[in-house]
Ligand code: SF4
Ligand code: FES
Ligand code: FES
């Protein structure tokens, strides 16, 4: 376990009220997921019971207990996006990446997720890759979107 | 003495101390309001919504959960209006959709005039997601062994990382406060297991009673009692006596301590 890394994050939030979510965010960003050992360590140091932490980690989509790929693709399956054919977009992505929702590719380049309404209904169906939002996505465009992120990584 | 306030429940003018909930006040008057997540020994959380009542007068005319709503001077409460009955029946039907075989829920349904549920979920268990087990473990025992995971339909009670709990002390309070028996405790030989519908939460070896030799309580539990009830008074338990032997001997023993092990007040 990366004690120094977690300590650094904990130090930053020392004495901040309601700091748990902030700590978890940083840990998630640093390691691409929330490793069990790290969570237990945080519990010990913050005196927040591990069950409380586990509950919170489970509640928010943003947190993951499994390592995530370098690029996280979130397909909105909220009402508006669903109506506008998000299901087909999702299917295209699943086929192209050869993984299911909640999984990552073997090379850990991509993870696929579903989200429920990201507040971009006017762009439905919406797909978010990392921090970038794509609107009115058609199943055909899926390859292009994936390529952009593959290449941005190489270059 | 707390100040008394005047309110009306179902047309009856009553007095109740400030800070009391409408549910308690109604109960004192012998007025029945169905409840599920409420438990006398626990802080109310208002999750099941069964105890709804219609209020007006001192506050805006609306529907409130009576296990949380406090009495107020001039409050007018109705527990059996058409609207309340209809909404309550719907709530029961929804709960039945998930737990169609829970005897306790079926009894309540009967009392509220619900014969069948229009909802079928396919996935069924007896847990009504009332959270009593989580609350007692957290707020009364202080073990923090149980927690909620997931959301919506997948919400369930479990342990950290959904494995055998390291923090459970095996007191069985969760099973005791569970209104439906969804979380259970089972002693067999010298082993205690605590279960939910999908998982063994914890396992313990039972210590033997120093009087009769019968295995009766996990070490962690006895230690906790020692810690909480005796050590603070500068005492320490040296012999562990089971409830049966205590009855016969009328001497203090770990199970006389007012938590867990049969001593929790239980209301349905
Ligand atoms: S296991 Fe029992 S006490 Fe716990 S939430 Fe379910 S019904 Fe309520
Ligand atoms: S439903 Fe997809 S952004 Fe709102
Ligand atoms: S008893 Fe009041 S909400 Fe459950």
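Here the alpha carbons of region B:1-102 define both size measures, Rg and Dmax, at 13.8, 45 Å.
Relative to the first principal axis of the alpha-carbon coordinates of chain A, what is the inclination of helix A:86-97, with its axis defined by its Cα atoms, in degrees from 0 to 90 and to the nearest 10? The answer is roughly 80 degrees. In plain terms, the residue of B:169, A:48 with the fewest other Cβ atoms within 10 Å comes first and the most crowded comes last, giving A:48, B:169.
Measuring nothing but how far apart in sequence close Cα pairs (under 8 Å, 6+ apart) lie, relative to its length, region A:64-155 scores a relative contact order of 35 percent. Each listed q (0.08, 0.09, 0.13 Å⁻¹) maps to a log10 I(q)/I(0) for the protein assembly as shown from the Debye sum over equal C-alpha point scatterers, namely -0.64, -0.80, -1.26. For chain B, the equivalent ellipsoid derived from the alpha-carbon gyration tensor has semi-axes of 38, 25, 15 Å in decreasing order.
Shown for B:221, A:31, A:60, A:54: other C-beta atoms within 10 Å of each C-beta, ranked fewest to most, produce the order A:60, A:31, A:54, B:221. Compute the acute angle (0 to 90°) between the alpha-carbon long axis of helix B:82-98 and the principal axis of greatest extent of the alpha-carbon atoms of chain B; round to the nearest 10°. So the helix axis and the longest Cα principal axis differ by about 40 degrees.
Look at where the Cα atoms of region B:137-153 and of region A:48-122 average out, and the two centres are 26 Å apart.
Ellipticity at 222 nm from helices only: DSSP H runs of n ≥ 4 in chain A, each -39500 (n - 2.57), divided by the residue count, give -14000 deg cm²/dmol.
Using the rule -39500 (n - 2.57) for each DSSP H run of four or more residues, divided by the residues of chain B, the 222 nm mean residue ellipticity is -5500 deg cm²/dmol. Region B:92-120 and region B:199-230 have Cα centres lying 37 Å from one another. Working from Cα pairs under 8 Å separated by at least six residues, relative contact order for chain B is 13 percent. Extension gain, residue A:105 to residue A:133: 0.36 nm times the residue separation minus the Cα-Cα distance gives 8.0 nm. The angle between the Cα long axis of helix A:50-59 and the main principal axis of chain A comes to about 20°, on a 0 to 90 degree scale.
All of the numbers you see were taken from the coordinates with simple rules; none came from a lab. This structure is a prediction, so every number in the text was calculated from the model and none was measured. All Cβ positions, even for glycine, are placed from backbone atoms using ideal geometry, and neighbour counts span all protein chains on display.
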